[in-house]
Amino acid sequence: MNAPIGVIDSGVGGLTVVKEMLHYLPNETIYYIGDTARCPYGPRTGEQVLAFTSQMADKLASMNIKMLVIACNTATAVALEPLQKACAFPVIGVINAGATAAIKETKTHEIAVIATAGTIKSGAYEEAISSLFSKSNIYSLACPPLVPMVESGQYEGPFAQALVDKSLAPLKDVTFDTMILGCTHYPIIQGLIENAVGKDVHVVSSATETAKKAKAILDYYHLENKEETVAEHRFFATGSVPMFQTVLENWLQLPYARAEKIEL
Ligand code: DGL
């Protein structure tokens, strides 16, 4: 079926999931919305996150998407089930994928999760990890400054490293062999996070498992694009287009991709 797949996030973070989707689903067209005008979602109430996420889903539904990927952990935690009930197309999130990635990697079942305040408060990662292996020890940490740092375009250099080090300091005396990047913005600063936790820790994100899940769902519902078409991806931002464009170019390296402004 030659219809786009919708992907949503509060900002640029979901592009880390798009990157893997381009790899696993090269024949599919992606329509992406980053709600940069209202980012970060992490400190917002569940009601607000649900309302904003539903607006993005409605906008993409009006563009006739065939599937929706909620490429935001904070939004997945509150909106996955309501949107799965409300939408006429399949909807997937990123939290189970992140938990699966960690369980595949860990040897000790000592797992750290870093995420936004909203995701940590929801307990969604504890639930998802425990449902895969109930004896896991999970250490959760909210890192509120990191999403605004990435969205402001500072994701390299000594200032960014110092903020990452400070944010992860509460985990200094905790032993774990695997860390989940429980926010889709964090793979953009994965190098800084790896510097902070050391080389013995496996740092995993939900991106690859989410892309594989998206492929499996398309296959299950016979929704894959089987036509010989050239994908015409579109990338929309509710806020500043230039900043979004910079991350789009740096991260996805799609020379023709142009960020567009959108109203929800
Ligand atoms: N990328 C979002 C996530 O995965 C960031 C949330 C935010 O805007 O705070 O949680």
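Bear in mind that the values in this text are calculations on the coordinates, not laboratory data. It should be emphasised that the depicted structure is a prediction, and the values quoted were computed from it without experimental measurement. Reconstructed Cβ throughout: ideal geometry from the backbone, glycine too, with neighbour counts over all protein chains shown.
Side notes on the structure shown:
This table checks each residue for (1) closer than 20 Å to residue 209 by Cα; (2) under 16 Å from the mean Cα position of the chain (by Cα).
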residue: 13; (1), (2): yes, yes
residue: 29; (1), (2): yes, no
residue: 39; (1), (2): no, yes
residue: 44; (1), (2): no, no
residue: 55; (1), (2): no, no
residue: 73; (1), (2): yes, yes
residue: 77; (1), (2): yes, yes
residue: 88; (1), (2): no, no
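- Condition check for residue 86: away from the ligand (no atom under 16 Å from the Cβ), among the hydrophobic types (A, V, I, L, M, F, W, C) and under 19 Å from residue 48 (Cβ atoms): yes
- Looking across the range 120-167, just one residue is over 22 Å from residue 40 (Cβ atoms), under 20 Å from the mean Cα position of the chain (by Cα) and free of Cβ contacts under 8 Å to residues at least 24 places away in the same chain, and that is 127.
- Any hit, the range 16-33, residues being more than 13 Å from the ligand (Cβ to nearest atom), surrounded by 24 or more Cβ atoms within 10 Å (Cβ to Cβ) and part of a helix (DSSP H, G or I): yes
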